[in-house]
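Trainee: Have a look at this one.
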Amino acid sequence: MKITTEQIQDFNKAGLGSHKENFDFLANKLTQNGHNVEAILSKLADFQIAIPSWALGAGGTRFGRFSFYGEPSSLEQKIEDIGLIHSLTQTAGAVSLHIPWDVPQDYNAVKELAQSLDIKFDAVNSNTFQDQKDSKYSYKYGSLSNIEKEVREQAIQHNIDVINIGNKLGSKALTVWLADGSCFPGQNNFQAALQNTQDSLKDIYKGLPEDWKMLIEYKPYEPNFYSTVIQDWGTSYMLANECGEKALSLVDLGHHLPNSNIEQIVSILMLKGKLGGFHFNDSKYGDDDLTAGSIKPYALFLIFNELVYGMANNPQNPDLAWMIDASHNVKDPLEDLIQSLEAIQEAFAKALLVDQAALKAAQLAHDVIKCQEILQGAYRTDVRPLLEKARLNRGGVISPINAFRSLDVRNGLIKERGRNSVATGL
Ligand SMILES: [Mn+2]
């Protein structure tokens, strides 16, 4: 299934009048306040967010999984789904593959398909959190941190294999998320587990092509509930530093204990030139994997405020890999991803409106009230007409969710793939 340019133009017709009215009003106001609207629009248009190959089907919990029907059952169909979202939103121009769930059968065909849909291959993700049916050793008691050398070697080799697969597709980064840890006190020796992990990561790093990055994700708990080997940004930063310049930390919004100051973590990592990537989602309690911006939109804005500041002021920090890492348990995955993309772009646009010079002046004057007024002034601006305009400029639709529904995309997919096709993934 593909959405044509004619369908997009047809859909847009009805909304163009009111969009123009709203956009002109906002653009005038922003211009009067000294903003360069064209520059903001071009930053929004360039901001592309990768969709992980595991997020296109129904997610689930350990209690159950409820299908949405017509799910993509092959890598090609997953890329087609991203193509559908991208054609509407114009902000999902990349896919992040999970190996071994999505190993390409025909590399050229997969590359051509992605290219035809304007989709790039972002970071590739390794998986040593579960056993594969043909693997010799089990990861039950850890992978890169395991006390058995053979198990570590198998896990290292898997990561090297993932790099090789990504290399054939044009990826430039490997993301390592390590589930290793322990469920009970005394189960592991903390020092041995960290040391083994460090040595294993160094071995993987040796297999990294020159122009690649290794992104090290952290998480405080789950699936292990007493300790996690890479539990926080400090541990990730320490491991990345030991590996070398191409190793960087990856922040997943859901991988923090409640009320962690994630914007501060982002800021410090960028100061140190060690923030490599970002996984977007939202949560109330832990790694809930909910739609970005659905619970704490102000926190998302504050994080973007630091990202925007860092991208402008920290040349020591490399370009970032952006990805949505969410699980779709009750919403249609494609609609949910569209909502996340919108929330991310909205937070980014608002952060671009923060008057950095005025904020600095207010900080120097210790004018705490003014500091808050500046941040909240940007946050309270309804930037949706900017998002609409950025999408329209690139050939997308005014309202992606409404278009998805009015084009009846899900039923089209069910017709094409059958009701009971199921995606691999979480
Ligand atoms: Mn993640």
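No lab work stands behind these numbers, since they all come straight from the coordinates. Being a predicted model, the structure only gives us computed values, none of them experimental. Every residue, glycine as well, gets a Cβ built from its backbone with ideal geometry; the counts of neighbours run over all protein chains shown.
Trainee: Considering the stretch 168-178 alone, what residues qualify as being surrounded by 20 or more Cβ atoms within 10 Å (Cβ to Cβ) and assigned to a loop (DSSP other than H, G, I, E, B)? Lay out the reasoning, then the answer.
Mentor: Taking the stretch 168-178 as the starting set, the residues that turn out to be surrounded by 20 or more Cβ atoms within 10 Å (Cβ to Cβ) are 171, 173-178.
Within the stretch 168-178, SER171, LEU178 meet the criteria.
Trainee: Quickly run through the stretch 163-182 and pick out the residues that are more than 15 Å from TYR139 (Cβ to Cβ) and either in contact with a Phe, Trp or Tyr (Cβ under 9 Å, 6 or more places away or on another chain) or within 16 Å of the ligand (Cβ to nearest atom) (or both).
Mentor: Scanning the stretch 163-182 gives ILE163, ILE165, GLY166, ASN167, LYS168, LEU169, GLY170, SER171, LYS172, ALA173, LEU174, THR175.
Trainee: Restricting attention to the stretch 138-193, report how many residues are charged (D, E, K, R) and closer than 30 Å to ALA114 by Cα.
Mentor: So the count comes out to 3.
Trainee: Right, something else. Can you tell me which residue within the stretch 286-308, out of those that are assigned to a loop (DSSP other than H, G, I, E, B) and aliphatic (A, V, I, L, M), is farthest from the chain's Cα centre (by Cα)?
Mentor: ILE295
Trainee: Oh, and also: Is it the case that some residue within the stretch 309-322 is of a type outside the set (Ser, Thr, Tyr), assigned to a strand (DSSP E or B) and within 16 Å of the ligand (Cβ to nearest atom)?
Mentor: Yes; the residues of the stretch 309-322 include at least one that is of a type outside the set (Ser, Thr, Tyr), assigned to a strand (DSSP E or B) and within 16 Å of the ligand (Cβ to nearest atom).
Trainee: Within the group ALA351, ALA362, ALA326, which residue is hydrophobic (A, V, I, L, M, F, W, C), within 16 Å of the ligand (Cβ to nearest atom) and buried (at least 16 other Cβ atoms within 10 Å of the Cβ)?
Mentor: Only one candidate passes the filter, namely ALA326.
Trainee: Residues being surrounded by fewer than 18 Cβ atoms within 10 Å (Cβ to Cβ), closer than 18 Å to PHE47 by Cβ and of a type in the set (Gly, Ala, Ser): count how many of those fall in the stretch 102-123.
Mentor: 0
Trainee: State whether the residues of the stretch 225-240 include one that is of a type in the set (Asp, Glu) and either touching a Pro at 6+ places or on another chain (Cβ under 9 Å) or free of Cβ contacts under 8 Å to residues at least 60 places away in the same chain (or both).
Mentor: yes
Trainee: Still on this structure: Could you grab me the full set of residues in the stretch 1-59 that are under 28 Å from ALA378 (Cα atoms), of a type in the set (A, V, I, L, M) and touching a Phe, Trp or Tyr at 6+ places or on another chain (Cβ under 8 Å)?
Mentor: Selection gives LEU44, ILE49, ALA50.
Trainee: Taking ILE262 as the residue in question, decide whether it is away from the ligand (no atom under 16 Å from the Cβ) and touching a residue at least 12 places away in the same chain (Cβ under 8 Å).
Mentor: no
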